[in-house]
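Structure first, then comments.
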Amino acid sequence: MNVPTELRYTKTHEWVRLEKNGVATIGITDFAQEQLGDLTYIELPGVGDNVEAQSEVAVVESVKAAADIYAPVAGAIIEVNKKLEEQPELVNSDPFGDGWIFKLRPDDASEIDMLLDADSYEDMIPEAEE
Amino acid sequence: MKAWAVFRDALLPYATGVALQERLHAARLADSIPDTVLFVEHAPVVTLGQRGRDDGVRVPPQQLHAQGVELARASRGGNVTFHGPGQCVMYPILRLGAHEADAHGYLFNLEEVALRTAADFGVTAFRRAGMNGAWTADGKIAAIGFRLKRWVTLHGMSFNVNVDLAGFDLIVPCGLAGERVSSLARLLGAQSPDTAQVRARLAHHFAEVCGRELEVFRAGAPLPAELAALLGAG
């Protein structure tokens, strides 16, 4: 299971990358995409929306499951990954890269430091049985 | 890990089933109940998946109504399906994604429960690549569609025992044109078990496949206080 060390994580399996310009890029983890299976549709957040921490902002849907995506911290949604409208499978093939879901300008960037680090997140997800 | 199962005999209107699941889900999130699997049978209903596409319904809403079939939107994944008497519906309210998660994947596990249950009654069922659910040589016998809210599951799986398959003629099941739907009764005729027998096997296999020790309660019989309060209004 791929858990990049430079990212922060939530218990609901989002990852967060704080960029140098203070913007946070958010997606779902490799574990999450694997649990959901091949994604068929993503309901993206609205650009400009102000969201609370842990509020539901998007829905990802696979052949069998629909799952909510949560805002890791409070802030304003400033960009969404429009590519996912046509290619939701990018979340499966590259969850930490081209499969990013939205960007958020945090009300308080220091809240991101309070999220799980890679070690804590990795401890939380089950060991894959090979 | 300990978990609860609730067997509910009376036909449940779909909306009541959703309300019941939502209460169980909230209680599970608050850790006031363990993982709980609700087993029900629904009054006839056509349900649409999360995106609410209704192009899979073959007849106008008035005709559904005239035939005593409800139409409902469901927050689950997947496409249109039919529920009715003679079909075992299981709604596992499970916490996934923490230590106790099912490493092989919840979808795979639900399919496994259906395959093993079919086998108990001498029916060979199998997975089909890219198509969810459990299939037999005669068509699909179990359909799966679920929702994750804060990584606790809602909705689940329906397994056709002796449901009137004409209900599926009202729709394009799961949006798959040209695919058939089957049931144990269709495959086994007079040898077919009833829903209570199938429900017992589904619960058994669920416990084994998902690694839960299931304590079974019957709606109407004495229940743990937390559960009685949640089920009471439904």
For the range B:102-136, name all the residues that are of a type in the set (F, W, Y), part of a helix (DSSP H, G or I) and either in contact with a Ser or Thr (Cβ under 9 Å, 6 or more places away or on another chain) or within 14 Å of B:L187 (Cα to Cα) (or both). B:Y106
Could you list all residues from the range B:122-163 that are farther than 24 Å from B:L94 by Cα and under 16 Å from the mean Cα position of the chain (by Cα)? B:W135, B:K140, B:V161, B:N162, B:V163
What are the residues in the range B:124-142 that are buried (at least 24 other Cβ atoms within 10 Å of the Cβ) and at pLDDT below 95, if any? B:N132, B:G133
Would you mind telling me which numbered condition in (1) in contact (Cβ under 8 Å) with a residue 12 or more places away in the chain; (2) within 15 Å of the chain's Cα centre (by Cα) A:D49 fails? (2)
Selection from the range B:1-15 of residues that are assigned to a strand (DSSP E or B) and either of a type in the set (F, W, Y) or crowded, with 17+ Cβ neighbours inside 10 Å (or both): B:A3, B:W4, B:A5, B:V6, B:F7, B:L12
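Mind checking which residues of the range B:144-160 are over 12 Å from B:A74 (Cβ atoms) and at pLDDT below 95?
Step one: of the range B:144-160, the residues over 12 Å from B:A74 (Cβ atoms) are B:144, B:148-153, B:157, B:159-160.
Passing the criteria: B:I144, B:L148, B:K149, B:R150, B:W151, B:V152, B:T153.
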Are any of the residues in the range A:89-106 farther than 21 Å from A:N2 by Cα and within 14 Å of chain B (Cβ to nearest Cβ)? no
B:G156: passes all of (1) away from every other protein chain (no Cβ under 13 Å); (2) out of contact with any Ser or Thr (no Cβ under 7 Å at 6 or more places or on another chain); (3) of a type in the set (G, A, S); (4) crowded, with 22+ Cβ neighbours inside 10 Å but (1)
With respect to the numbered conditions (1) crowded, with 18+ Cβ neighbours inside 10 Å; (2) over 15 Å from the mean Cα position of the chain (by Cα); (3) of a type outside the set (A, V, I, L, M), which one is the sole condition not fulfilled by B:E111? (2)
Flagged in the range B:132-153 as at the interface with chain A (Cβ under 8 Å from one of its Cβ atoms) and of a type outside the set (F, W, Y), in numbering order, are B:N132, B:I144, B:G145, B:R147, B:L148, B:K149, B:R150
Given (1) at pLDDT 95 or above; (2) within 25 Å of A:M1 (Cα to Cα); (3) touching a Phe, Trp or Tyr at 6+ places or on another chain (Cβ under 8 Å); (4) not basic (K, R), identify the lone condition not met by A:V73. (3)
Test result for A:S62, surrounded by 15 or more Cβ atoms within 10 Å (Cβ to Cβ), of a type in the set (G, A, S) and within 13 Å of chain B (Cβ to nearest Cβ): yes
Might you let me know whether the range A:40-56 holds any residue that is surrounded by fewer than 18 Cβ atoms within 10 Å (Cβ to Cβ), away from every other protein chain (no Cβ under 11 Å) and among the acidic types (D, E)? yes
Options B:A177, B:A185, B:A200; residue that is assigned to a helix (DSSP H, G or I) and more than 17 Å from the chain's Cα centre (by Cα): B:A185
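The values are calculated or read from the model by the stated rules, or taken from the named source; none is laboratory data. The model shown is predicted, which means the values in this text are computed figures rather than measured ones. Neighbour counts are summed over all protein chains in view; Cβ atoms, including those assigned to glycine, are modelled from backbone coordinates with ideal geometry.
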